[in-house]
1. Among the residues of the stretch A:1-18, write down those that are within 14 Å of another protein chain (Cβ to nearest Cβ) and within 16 Å of ligand 2 (Cβ to nearest atom).
2. Going residue by residue through the stretch A:34-50, is there one that turns out to be surrounded by fewer than 16 Cβ atoms within 10 Å (Cβ to Cβ) and either away from ligand 1 (no atom under 16 Å from the Cβ) or not in a loop (DSSP other than H, G, I, E, B) (or both)?
3. Any chance you could count how many residues in the stretch A:154-187 are within 15 Å of ligand 1 (Cβ to nearest atom) and either within 14 Å of another protein chain (Cβ to nearest Cβ) or more than 18 Å from the chain's Cα centre (by Cα) (or both)?
4. Mind telling me which of the residues A:152, A:218 ends up being out of contact with any helix residue (DSSP H, G or I) (no Cβ under 7 Å at 6 or more places or on another chain) and more than 16 Å from ligand 2 (Cβ to nearest atom)?
5. Return yes or no: is residue C:268 part of a helix (DSSP H, G or I) and within 10 Å of chain B (Cβ to nearest Cβ)?
6. Would the stretch A:19-29 turn up any residue that is more than 10 Å from ligand 1 (Cβ to nearest atom) and within 14 Å of chain C (Cβ to nearest Cβ)?
7. Within the stretch A:53-92, can you find the residues that are touching a strand residue (DSSP E or B) at 6+ places or on another chain (Cβ under 8 Å) and at the interface with chain C (Cβ under 8 Å from one of its Cβ atoms)?
8. In the stretch A:1-16, which residues are within 12 Å of ligand 1 (Cβ to nearest atom) and in contact with a strand residue (DSSP E or B) (Cβ under 7 Å, 6 or more places away or on another chain)?
Ligand SMILES: Nc1ncnc2c1ncn2[C@@H]1O[C@H](COP(=O)(O)OP(=O)(O)O)[C@@H](O)[C@H]1O
Ligand SMILES: [Mg+2]
């Protein structure tokens, strides 16, 4: 049995279904990230776990015990809010110790725990300050301190870094990972930022419109997405999609025509007889612009488009291209000769192409050739 | 289970709601009931239908108090708000310490207990040695008994009223003025608008909602005017309204019928008539607003 | 019109005009109060009315009159009654109002909207319609000439509730939920989190309630008819009544004494009072 089990949890607000049959198991000590566009139900799912809201159906259990009817404060979960939710009229010390004081913990024990948490978070010198006298990052640490002193079994973070500036965000990410290592407890972290998710997660859970899209290690999701949503959501810049039409299929390969292409293309994905319209997904990094006069490698994807603009970022250059049918394409290129706004030819090895059915499902092929 | 979960909420609002029900809702309903009865709080109530209402409407005091109220409102509300607006614009034109000083001075009368405003002004209006007559005396004019002269009494009241309430409206209008973005004035200055044009074309329209509140609130409180005329005329429950009933107002009339003549049914009916008038005036204000919004 | 011409020709005329009007208005606003002080603190035997002047002449004479009033009339007792009336009303309005506002502003429960709506309707109902039935009810309860009769009917202040709800709505939901996660009970959230956060609004409401209670003339006039329940308002009314046989100095001292508590509050809390009134007007 898993440490934390979410089984068939659904939640509606009025007629709007915000969570749809979520089932998920989380092991002790894992760092799990829920990621998805805003409004997809991430916070709602966290609130189900911590008990601030209750599901319409389904159960949440921790260490084998069903939590549905247990008070939020008694579940052994602690939550860090995006807004920090620090009490403005209390010092950092009083903020951190509020929960313990409400539980009538002995004063000396409170002191001990707060000091321990403050040492971990380097808050020692700030404990007497009010929230308004703290910087964003310091407030964040106080909010985390408030969670730590409760010695929870599960830490929940709801977009804790989104109010910080970019530099501090990167620094706090590292601190949180370090904190996870030191405390060795289960952490569930919510973010809409897939880069944050990729860098922090042991496992990430992609949500969209209240449904779980895929669960797995970040790189597995990147390399082997289950559907078009995950493929498009994970990775930056996002994956390119080309409309395609199947013209022939057998047990080991598929022949198709695609936007911007010149002739039929053969992909080593078998068993797609009966599919008609598909989408081909290729990451910008796998695309390459052909030099003038250079021929595409045999059996590779090749197509033509017009350059609309070029982002030169120093280490990489992103070339934005539009195909004849209006499909936008981004190509990741190295630092090369300047590219004008002419037509260019683009190529990619077929091994990196993913196929998606019209409903967004990944087409892996019946013989497992797709990866 | 549902009730259990919500019980704490109901417990927390219970004290307030109980007091509210007992000392607000119940009195309104019982007042409504009494208004159809002949009742002096000693003998049992006797149902009389609409007789109380008819009697009030037909009475001379009612006509007189309504006439007074009309005169009073027509002058005091616009005048009071004009003065308040003037003061607000004035204060808005100062900065820093002086803005503070003037605002503080204009607000001072509001802070005084309202009964005191009337009391102080009675001394100012007093014949012979009153401040006003003293000043008239410097110019060689004869002493006037302001509060005993049916022609001047209502203006005396209006002066007190404006003096006592302008500061209140000024504060609200000032807050409204502060909410007008300065860019608007800067844009108007670039367009060559004079100060006066800025007031007419930017300040007043932008103050619309606040002015609406001030006017509506001013009307509602003016219709309930009581303690100032009561004290200016040195009234009691048996003799009130001053010489020739020149300062007789509806609430005074109502209180007199209730506590002077001990006709509580009639007094309750009076209260409802007055409420009806207030509701109608308020509704009219809202209609006027939506009408002017649509234009 | 004058303003336009002034600003068009020369800014200095505009400035002079501005200052003149501002100072004149300030004199009119303040003078009656100043004059009261003048009369109270004047040399005995030299009444201001006969010998006009613009400044007080004798501090001791004024204090002497105050002493006489406190020692020889029921003024001090009325003062105590008024203070009790105000303090109890403030305490009740704050306590019951904040508890109810806490629920209306921050939680949802069946009937919340409709109950709150009914209370808000009360803001529009004139005192005139309730005062007589409320008086009769108070009389039925046997509360005439008692402190509870003075205080209790005024405790369910719709205005106070409205103001506190407005303020509490600005408290982020996260804050309440964080407190719940910290294990605070419903009452503890109210007491330890929400009330401290509303301190400003509570202080403002307390001051406004004080001003209103201290200046309330009508209700004490009806309920407190026996001399030992007279409030300052009634006593001042008597000093000023045509039948009063007090001298001008004494009457003015009585008036000034009634103004002292609100004036002190005003000097101490000017900003809070002004903010409170501005808020009730612009948000309402
Ligand atoms: N209390 C509520 N009442 C109604 N709708 C809600 C409530 N809470 C959340 N929602 C809706 O549920 C959806 C998911 O919200 P949320 O879980 O906060 O998304 P996010 O993934 O951005 O955290 C949103 O569309 C939101 O509008
Ligand atoms: Mg969220």
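The values are calculated or read from the model by the stated rules, or taken from the named source; none is laboratory data. Keep in mind that this is a model prediction, so the values were computed, not measured. Glycine also receives a Cβ, built like all others from the backbone with ideal geometry; neighbour counts cover every protein chain displayed.
1. A:13
2. Scanning the stretch A:34-50 turns up no residue that is surrounded by fewer than 16 Cβ atoms within 10 Å (Cβ to Cβ) and either away from ligand 1 (no atom under 16 Å from the Cβ) or not in a loop (DSSP other than H, G, I, E, B) (or both).
3. 7
4. So the residue among A:152, A:218 that is out of contact with any helix residue (DSSP H, G or I) (no Cβ under 7 Å at 6 or more places or on another chain) and more than 16 Å from ligand 2 (Cβ to nearest atom) is A:152.
5. Considered against the rule, which asks whether it is part of a helix (DSSP H, G or I) and within 10 Å of chain B (Cβ to nearest Cβ), residue C:268 comes out as no.
6. No, the stretch A:19-29 contains no residue that is more than 10 Å from ligand 1 (Cβ to nearest atom) and within 14 Å of chain C (Cβ to nearest Cβ).
7. A:77, A:78, A:79, A:81, A:82
8. A:11, A:12 - these are the residues of the stretch A:1-16 that are within 12 Å of ligand 1 (Cβ to nearest atom) and in contact with a strand residue (DSSP E or B) (Cβ under 7 Å, 6 or more places away or on another chain).
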